[in-house]
Amino acid sequence: YITDNITEVFHASNHLFSKPDINKITQNRVNHINGLMGLFFSTTNEEWIYGFGDHVYSIKIHDEFNYKIMSIRDFHKLTCTNVSDDAEQYFTDLRLEFLTNKIDYILIEESDGTCGMGVFINLDIELNKIN
């Protein structure tokens, strides 16, 4: 895994903000239901993330943050196929479970072994607008 050198990640949004808030994420979500997990990010500042919004943010990962690597298949199973009828409660409970287990963010492993995306569960992060 190439995870030791991931110290900065990127998020694109149509909204201006300096600190993520799960209530605002819930209100403003326009893509997949698993957006209720937290704040999704890319591990690189590549062109594809601009499709998610006009404002691009850089986020420094806190040294003390813990992460979990999850295969894209397991992530999909957890956040797409297991979702109950009450999706908001499902993701609230799932976030709490990760936080209780001291998982601050998830890196999503692609089939080629790289981690190009992830999601912050712990939203105690600062965003720096770069575009």
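One line per residue, one yes/no per condition, for (1) modelled with pLDDT under 95; (2) over 14 Å from the mean Cα position of the chain (by Cα); (3) charged (D, E, K, R):
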residue: D85; (1), (2), (3): yes, yes, yes
residue: Y90; (1), (2), (3): yes, yes, no
residue: L99; (1), (2), (3): no, no, no
residue: E110; (1), (2), (3): yes, yes, yes
residue: C115; (1), (2), (3): yes, no, no
residue: V119; (1), (2), (3): no, no, no
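Show the residue pairs meeting these rules: Cβ distance below 8 Å; 6+ apart or different chains; first residue within the range 75-97 and more than 12 Å from L36 (Cα to Cα); second residue surrounded by 14 or more Cβ atoms within 10 Å (Cβ to Cβ) and hydrophobic (A, V, I, L, M, F, W, C).
What qualifies is F75/I106; F75/I108; L78/M70; L78/L94.
Any idea which of R73, R95 is farther than 17 Å from R29 by Cβ and modelled with pLDDT under 95?
Working: R95 fails: farther than 17 Å from R29 by Cβ.
R73 is the lone residue from the list that is farther than 17 Å from R29 by Cβ and modelled with pLDDT under 95.
Please go through (1) part of a strand (DSSP E or B); (2) surrounded by 15 or more Cβ atoms within 10 Å (Cβ to Cβ); (3) in contact (Cβ under 8 Å) with a residue 60 or more places away in the chain for N128 and return the number of the only condition it doesn't satisfy.
Only one criterion in (1) part of a strand (DSSP E or B); (2) surrounded by 15 or more Cβ atoms within 10 Å (Cβ to Cβ); (3) in contact (Cβ under 8 Å) with a residue 60 or more places away in the chain is unmet by N128, namely (2).
The values are calculated or read from the model by the stated rules, or taken from the named source; none is laboratory data. Given the structure is predicted, the values throughout are model-derived calculations rather than measurements. Don't worry about glycine lacking a Cβ; one is built from the backbone with ideal geometry, like all the others, and counts go over all protein chains shown.
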